[in-house]
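Colleague: Handing you a structure now.
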Amino acid sequence: MSWIKENKFLAALGGGTLVGVIGLYFAGSQAATRYETAKEEFAAASGTVSQYLKLSLSPRPENVTGKTKALDDYRRSLETLQAAFQPFRPAEIKNVSPQELSNRIVAANTELRAAFEENKVVVPEPFFVGFEKYKSSFAGGNSTGILDYQLGSIKELLMSLASSKPSELKNLHRPELPEESGKAFTPGDAVARPFPLELTFVGTEESVRQFLTAITKPDKQYVVIRDLRISNQKKEPPRAADAQFDKAPAKPAAGGAFNDPFAGFALPGDDPAAAKPAEAPKATNSARILSQVLGNEQVQVFLRLDVMQFLPAKKLP
């Protein structure tokens, strides 16, 4: 004890060193334990991964064959679909001179007006095949090709309308294309380009059916109807005065052949020909009692549609 009292610094240093060594020993032993545990876990995980690497990859060969066949069938169906729309892809759209486009618009307008006049269809006076903008001006040189293509589509549609013989064409609206304002059309991933058009006309139910049937038959162009509104111009329901009854057959006079209980019998000494009963009057067809009071009205039709220009077929991967 006397040495510790005489050498307090050395005693404190030695004691501190001993405590530090003991702490380092315990810390090292714990780290070694954690290391061994981590090493064992790593070895187990590595063994599991090695087992998975030795297994064959999925899908199994029969699944690969089925997937390949499904992709081939899908490719063939897409190729068939693209081939079906080939008639609606223009071979080439070439720009023409602005003067030439103007001449074609005037010619189409003249031909359509003649067709409407022949079928007694009233057209609005500003009518110019939807190209009223170019009545007194020329289109830009870079837009004449696509406008000429659209002109042909509109002409086909209006010829079908004239053939269906409505009573009046009230309005034709052609939205402006991007090319007309100097912009470019970007198809992106689209397979077809729509050319929108709005029509308003008045006609009988038969003329409406005939026109819709004509434009929905894919012949020279593919038309998609986006909106269809039909309203009857006759707002009031039919009245009793609108109906006409068939005349009923006249009743036989009292005491006539129909009331004679001895009609058809001959008495002794009478002429046998006199025994022949009088012929009954011919019956009229009473199945249709009322005249038709519905179905002959004029209807007004608003139609928004797209004429589809199918773009070049996509190359499949």
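Colleague: Where Rh is the Kirkwood radius over the Cα pairs of the stretch 73-149, the temperature 20 °C and the viscosity 1.002 mPa s, what D in µm²/s does Stokes-Einstein return?
Modeller: Once the numbers are plugged in, D ends up at 141 µm²/s.
Colleague: What does the C-alpha gyration tensor say about the overall shape of the stretch 77-231? Classify as rounded when a/c is under 1.5, otherwise prolate if a/b is larger than b/c, or oblate.
Modeller: Oblate is the answer for the stretch 77-231, as a/c is 1.5 or above yet b/c matches or exceeds a/b.
Colleague: Let me ask something additional. I need the calculated FRET efficiency for the pair residue 111 and residue 192, taking r as the beta carbon distance and R₀ as 41 Å, to the nearest 0.05.
Modeller: 0.90
Colleague: Roughly to the nearest percent, how much of the accessible area of the stretch 136-206 is carbon and sulfur, given a 1.4 Å probe?
Modeller: 48 percent
Colleague: Which loop GluC sites (Glu not before Pro) in the stretch 82-170, with loop taken from DSSP, have no more than 16 other Cβ atoms within 10 angstrom of their Cβ?
Modeller: Those satisfying the criteria are 92.
Colleague: Looking at the stretch 71-111, which trypsin sites (Lys or Arg not before Pro) are DSSP coil and have at most 12 other C-beta atoms within 10 Å of their C-beta?
Modeller: 94
Colleague: With the contact rule set at Cα under 8 Å and sequence spacing of 6 or more, what percent relative contact order holds for the stretch 70-205?
Modeller: Dividing the mean separation by the residue count of the stretch 70-205 yields 27 percent.
The values are calculated or read from the model by the stated rules, or taken from the named source; none is laboratory data. Treat the numbers as computed from the prediction; the structure is a model and nothing was measured. Cβ sites come from the backbone with ideal geometry, for glycine too, and all protein chains shown count toward neighbours. Keep in mind that these areas ignore ligands, DNA and RNA; they rest on the heavy atoms of the full protein, side chains included. Shrake-Rupley method; radii C 1.70, N 1.55, O 1.52, S 1.80 Å.
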